[in-house]
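Everything on this sheet refers to the single structure shown next.
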Amino acid sequence: MTDEKPSLWQRLQPLLQAVKRLSAAGWKLAMYWLGIAARALKRLAAAGWKLARYWLGIAARETWIVLKRLPIASYSFARAMVSADDAQRLTDFYINAASSPSSAKTPPAPAAVLQESGPDSALVLLSLLQKEGRFLDFLQEEVSGYSDQEVGAAARVVHDGCQRVLEDHLSIAPVRDEPEGTQVTLNKGFDPAAERPTGQVIGEPPFTGALVHRGWRALEVHLPRVASSRDVRILAPAEVEL
């Protein structure tokens, strides 16, 4: 008895099963990549919408700025077409700037007048510092031959006497009340004689930096009166011991 040969359909069954499994795997792979592409397109669309809204907002604001000027532009155009005088005034305003307050030349600020200060008060103050603190003797002395301890002892005497002169004849106060090291700001229009920026000064004020020195300001000066016959150039009389 001979075995029956399998039919063509039966012989094709393994191949069909393999194709079926391959198709299922391919479909799953295609769905996976389609899902990734869909999510990427969704994020790209969201980013594109945000970017479009941003630029549309800018365009809308710029358009509104232009539209706000449209009425006055139309009115000026109509007045210039109707009236020759108005046309001339607009010509002067826009071309020659003859009637524009902002374009009017402002006169230059007058130059500061340099006043020659009289020497009498300075000489009187120097004589007081010399009398009470031996100030000139200390400055005119050659101190290179003395030790630091000797110079320090002499400086203490000078300090005490000169401080006494300041307390008796001048009233001084700091220019800035903040402690040294505090961050301060010099606004536009600050007085450079009272507040001096140092370091890298670039651009225009306001300037912000650390307060290195508070400065000093004289509030009151009450020097003693001097007889007209006295020669104030004599800061300290020569002393002759008899």
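If the condition is being surrounded by 10 or more Cβ atoms within 10 Å (Cβ to Cβ) and among the basic types (Lys, Arg), then region 1-19 contributes only ARG11.
Residues are listed down the side, and each one gets a yes or a no for (1) outside any helix (DSSP H, G or I); (2) surrounded by 11 or more Cβ atoms within 10 Å (Cβ to Cβ):
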| residue | (1), (2) |
| --- | --- |
| VAL143 | yes, yes |
| HIS159 | no, yes |
| SER171 | yes, yes |
| PRO192 | yes, no |
| LEU219 | yes, no |
| ASP231 | yes, no |
| LEU242 | yes, no |
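Put simply, of TRP9, TRP64, TRP33 the only residue that is assigned to a helix (DSSP H, G or I) and either touching a Phe, Trp or Tyr at 6+ places or on another chain (Cβ under 6 Å) or closer than 30 Å to LEU90 by Cβ (or both) is TRP64.
Whether a residue is in the same structural domain as ASP86 (by TED's automatic domain parsing) and within 30 Å of LEU90 (Cβ to Cβ) was assessed, and LEU70 passes this test. Scoring ILE202 on the criteria (1) of a type outside the set (D, E, K, R); (2) in contact with a strand residue (DSSP E or B) (Cβ under 6 Å, 6 or more places away or on another chain); (3) more than 24 Å from LYS131 (Cα to Cα) leaves a single failure, condition (2).
The values are calculated or read from the model by the stated rules, or taken from the named source; none is laboratory data. Quick caveat, the model's predicted, so the values are computed rather than measured. Reconstructed Cβ throughout: ideal geometry from the backbone, glycine too, with neighbour counts over all protein chains shown.
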